[in-house]
1. Can you give me the number of residues within region 19-40 that are farther than 12 Å from residue 59 by Cβ, touching a helix residue (DSSP H, G or I) at 6+ places or on another chain (Cβ under 9 Å) and not β-branched (Val, Ile, Thr)?
2. Tell me which residues, restricted to region 75-102, are surrounded by fewer than 14 Cβ atoms within 10 Å (Cβ to Cβ) and in contact with an Asp or Glu (Cβ under 9 Å, 6 or more places away or on another chain).
3. Could you check how many residues of region 154-193 are β-branched (Val, Ile, Thr), under 22 Å from residue 105 (Cα atoms) and over 18 Å from the mean Cα position of the chain (by Cα)?
4. Among the candidates 137, 132, single out the residue that is in the same structural domain as residue 315 (by TED's automatic domain parsing), aromatic (Phe, Trp, Tyr) and under 27 Å from residue 30 (Cα atoms).
5. Out of 167, 122, 203, 133, which single residue is over 27 Å from residue 344 (Cα atoms) and of a type in the set (Val, Ile, Thr)?
6. Here are some conditions: (1) closer than 20 Å to residue 250 by Cα; (2) assigned to a loop (DSSP other than H, G, I, E, B). Residue 78 meets all but one. Which one does it not meet?
7. When region 91-106 is examined, which residues are found to be closer than 19 Å to residue 22 by Cα and part of a helix (DSSP H, G or I)?
8. Among the residues that make up region 107-117, is at least one of them modelled with pLDDT of 80 or more, in contact with a Lys or Arg (Cβ under 6 Å, 6 or more places away or on another chain) and either part of a helix (DSSP H, G or I) or surrounded by 17 or more Cβ atoms within 10 Å (Cβ to Cβ) (or both)?
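The values are calculated or read from the model by the stated rules, or taken from the named source; none is laboratory data. Here the structure is a predicted model, which is why all the values come from computation and not from measurement. Note: ideal-geometry Cβ built from the backbone for every residue, glycine included; neighbour counts use all protein chains shown.
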Amino acid sequence: MTSELFGADLNPWVDAIVRLLMWVGFMTVVAMGLIYLERKVLARFMARIGPQKTGPMGLLQSVADALKLIGKEDLRPRNADPWTFELGPYLVFIPIFMSFLAIPLVFDWHIRLFELGLLYFVAISSINLVGWVMAGWGSDNRYAMLGALRAVAQGISYELPLVLSLVAVAIFNQTLNLEEMILFQGQTPNILWQPLAFMIFFVAALAEMNRPPFDIPVGESEVVGGPFVEYSGIRWSMFFLGEYTALFIMALLASVVFLGGWAWPLGEELGRWWQVILMTVKTSAFIFLVFWVRASMPRLRIDQLMAFSWKVLLPLTFAQVLVNGLVLAYEWDYWVSRVALGVAGLAGIVLLYAIIDRSVRRPRPRPAPVAQSEAVTA
């Protein structure tokens, strides 16, 4: 890709650094754009207008917010641990950017193509939990520490269903190479044969990114902002830049693993810019779904959140992996195996919906009012 842009073959190390710097700049702009888009989408859901004053249609609002945060004073609590407090944001921010290395945007547009790209993503994306703990512990603030503990408990609990849902798809495709997964879906995307795995991935991804209704670690009404309550200026912005970058990367991963990436539905012989358009449409649809969930669902309680992971998502994920393993071990016929997987996935989704529906607390019917004369007689 860099040779196409600069017109010459570069040294492998220089090529890797140039690609990395290009993607860091690109993803920073994307994160700022996602902040603007989320504010606009949520405003439409709530019958408001959203940002409109700064720049045409409010397009420069995120730029103004970034400049404001850069110009703010970088404060640190007196009793905070200096090294832990200052390194916490970097350990949240850097692993999220590193997880982007293995994801192909379109054919031959990537920083590095790993044979075990899915395994690399799973391994590197969980490191940011260390940064949340460091931010909470180093702040010397009880609210920050409580938010950090919630983030770790939530991250570990939902990491298992997330990883196992991806493992189920890897078993089905018989590869951990993300580009080979895209080519495997040349005819039909994985979401049709693995709908339950996609649902589990989507729910677990919301929890991993601390997105509503799983934003308990940063709940303003309970822990006033969570692990980064004591941060200001540029360090505070790094947490939010990491959150929206993670949203973009999760959307790209979902497009690659479940929606056919740049190949489906028109095949891998498309031109480069058609591939970019396909990936943009699929990624945007996933991001819009995340915004839609935020606008329509309230925050869960911590006991509901933990129970939902361990009692509902994890058993369903184990069942999906088991079914995929049986199909692979007994070498069922192509269409028989896929129809069986699709039916099993839809049954799992129906079961998931029934469990959620039963867990929702509905108001109890009020007793009929008693007439005043009857109350006096009683």
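1. Selection size over region 19-40: 8.
2. Of everything in region 75-102, those that are surrounded by fewer than 14 Cβ atoms within 10 Å (Cβ to Cβ) and in contact with an Asp or Glu (Cβ under 9 Å, 6 or more places away or on another chain) turn out to be 75, 78, 79.
3. Qualifying residue count, region 154-193: 3.
4. The unique qualifying residue is 132.
5. From the options 167, 122, 203, 133, the qualifying one is 133.
6. Every condition holds for residue 78 apart from (1).
7. The answer is 93, 94, 95, 96, 97, 98, 99, 100, 101, 102.
8. No, every residue in region 107-117 fails to be modelled with pLDDT of 80 or more, in contact with a Lys or Arg (Cβ under 6 Å, 6 or more places away or on another chain) and either part of a helix (DSSP H, G or I) or surrounded by 17 or more Cβ atoms within 10 Å (Cβ to Cβ) (or both).
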